[in-house]
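Engineer: Before I ask anything, here is the structure I am working with.
The values are calculated or read from the model by the stated rules, or taken from the named source; none is laboratory data. Owing to the predicted nature of the structure, the values given are computational and were not obtained by experimental measurement. Heads up, the Cβs are rebuilt from the backbone with ideal geometry, glycines too, and the neighbour counts pull from every protein chain shown.
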Amino acid sequence: MRLWIGAALLLAAAPVAGQDVQAGIRQWQAGDAESAVAIWKPLASRGDADAQYNLGQAYRLGRGVPADLAQAQSLYERAARQGHIDAQTSLGLLLFQNGNRTTALQWLKSAADTGEPRALLIYGTALFNGDGVQRDVVTAYAMVSRAAAQGLEPAKATLGEMDQIIPLAQRRAGVAKALAWTKANPKRPPQTASVKAPAATSPKPIPRAAADTITATALAGGWRIQLGAFSNRASAEALFARLRNLGPLTGKQPTLVPSGAMTRLQVGPYLNRTEAASACKALAARGQACFPVPAR
């Protein structure tokens, strides 16, 4: 087994002439992630941004290589600094998920400026919430509108929620801003060749880092609801397992927040405090107390 791994590394160090990122894509799509990685590694080391991004995806997903989020982040960043839009977005998503919102939003803003829909949704929602950036409801509505116009389903859902909250005059101003941007930038830069993460799956009891399986809406929400504080983690997990299928919690993710000797069970995300309070009201009618809290 070790000799086989060694041979693969040698092959990666001296790829066959003509092998390129697309060749790795074909291997990946055929289910041979190890061969894809062997093709991308030397290209990435030579500075190919597409290869760096794709190799980052492999490390993030743990396909063809052991899962390594630190390595994935490093590769994303190398590609992002070369202007790779997908890498900027994935780096921003990963940093956002890991709590580094300041740097995450910088990369997401860069990607959003090109019209990347996921970045538009997350940065737009941050603008709406005033989460890490100065609140700007009009620009937020413009950004989420642009993401929704590209068919991004979470953006369509978020836009619907914004329609119920933002006054008509501000929505009209946002639409005008979105149209002005589209007129000035009629075509988004072409997407680079890249592997894609699997589609989002049903929520797990405790969220885990796993490529882009966490939707943009889940990353962007600025509020949660707190269901209780417990002396042991297992009790918090058991409560969420019992309540997770209730309407106000459907599709939401639990977060276990240490607080001294206690563990707080928080669930979210919710777009804003009003939405979180509405969820608590619905849960109270079913006998479960809770209160809104900012996501931090």
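Engineer: Determine, yes or no, whether residue 52 is in contact (Cβ under 8 Å) with a residue 12 or more places away in the chain and over 24 Å from residue 120 (Cα atoms). Walk me through how you get there before you give the answer.
Structural biologist: Values: in contact (Cβ under 8 Å) with a residue 12 or more places away in the chain: yes; over 24 Å from residue 120 (Cα atoms): no.
When the stated conditions are applied, residue 52 does not pass them.
Engineer: For the range 264-296, which positions are crowded, with 20+ Cβ neighbours inside 10 Å and without any contact (Cβ under 8 Å) to a residue 40 or more places away in the chain?
Structural biologist: 265, the sole residue that qualifies.
Engineer: Oh, and also: Among (1) within 14 Å of the chain's Cα centre (by Cα); (2) under 20 Å from residue 255 (Cβ atoms), there is one condition residue 102 misses while meeting the rest; what is its number?
Structural biologist: (1)
Engineer: I've got another one for you. Restricting to the range 95-129, count the residues that are surrounded by fewer than 24 Cβ atoms within 10 Å (Cβ to Cβ) and either in contact with a Gly (Cβ under 6 Å, 6 or more places away or on another chain) or farther than 21 Å from residue 148 by Cβ (or both).
Structural biologist: Summing the residues that are surrounded by fewer than 24 Cβ atoms within 10 Å (Cβ to Cβ) and either in contact with a Gly (Cβ under 6 Å, 6 or more places away or on another chain) or farther than 21 Å from residue 148 by Cβ (or both) in the range 95-129 gives 12.
Engineer: Among 120, 108, which is under 16 Å from residue 87 (Cβ atoms) and within 15 Å of the chain's Cα centre (by Cα)?
Structural biologist: Details: 120 fails: under 16 Å from residue 87 (Cβ atoms).
Only one candidate passes the filter, namely 108.
Engineer: While we're on this one: With (1) buried (at least 23 other Cβ atoms within 10 Å of the Cβ); (2) without any contact (Cβ under 8 Å) to a residue 60 or more places away in the chain as the list, and residue 81 as the residue in question, which single condition is left unmet?
Structural biologist: Among (1) buried (at least 23 other Cβ atoms within 10 Å of the Cβ); (2) without any contact (Cβ under 8 Å) to a residue 60 or more places away in the chain, the lone unmet condition for residue 81 is (1).
Engineer: Same structure again: Can we say residue 118 is modelled with pLDDT of 95 or more, in a helix (DSSP H, G or I) and not small (Gly, Ala, Ser)?
Structural biologist: no
Engineer: Let me ask something else about it. Criterion first (in the same structural domain as residue 69 (by TED's automatic domain parsing) and modelled with pLDDT of 90 or more) does residue 56 satisfy it? Working first, answer last.
Structural biologist: On the way: in the same structural domain as residue 69 (by TED's automatic domain parsing): yes; modelled with pLDDT of 90 or more: yes.
Against the criterion (in the same structural domain as residue 69 (by TED's automatic domain parsing) and modelled with pLDDT of 90 or more), residue 56 qualifies.
Engineer: State whether the residues of the range 176-194 include one that is β-branched (Val, Ile, Thr) and modelled with pLDDT of 85 or more.
Structural biologist: Initial filter on the range 176-194 (β-branched (Val, Ile, Thr)): 182, 192.
Then drop every residue that is not modelled with pLDDT of 85 or more, which leaves 182.
Yes, the range 176-194 has at least one match.
Engineer: Would you point out which residue out of 133, 65 is in contact with a helix residue (DSSP H, G or I) (Cβ under 9 Å, 6 or more places away or on another chain), modelled with pLDDT under 95, β-branched (Val, Ile, Thr) and assigned by TED's automatic domain parsing to the domain that holds residue 177?
Structural biologist: On the way: 65 fails: assigned by TED's automatic domain parsing to the domain that holds residue 177.
Of the residues listed, the single one that is in contact with a helix residue (DSSP H, G or I) (Cβ under 9 Å, 6 or more places away or on another chain), modelled with pLDDT under 95, β-branched (Val, Ile, Thr) and assigned by TED's automatic domain parsing to the domain that holds residue 177 is 133.
Engineer: Still on this structure, please answer the following. Residue check, residue 81 against (1) modelled with pLDDT of 95 or more; (2) within 16 Å of the chain's Cα centre (by Cα), all met but one. Which one?
Structural biologist: Unmet for residue 81, out of (1) modelled with pLDDT of 95 or more; (2) within 16 Å of the chain's Cα centre (by Cα): (2).
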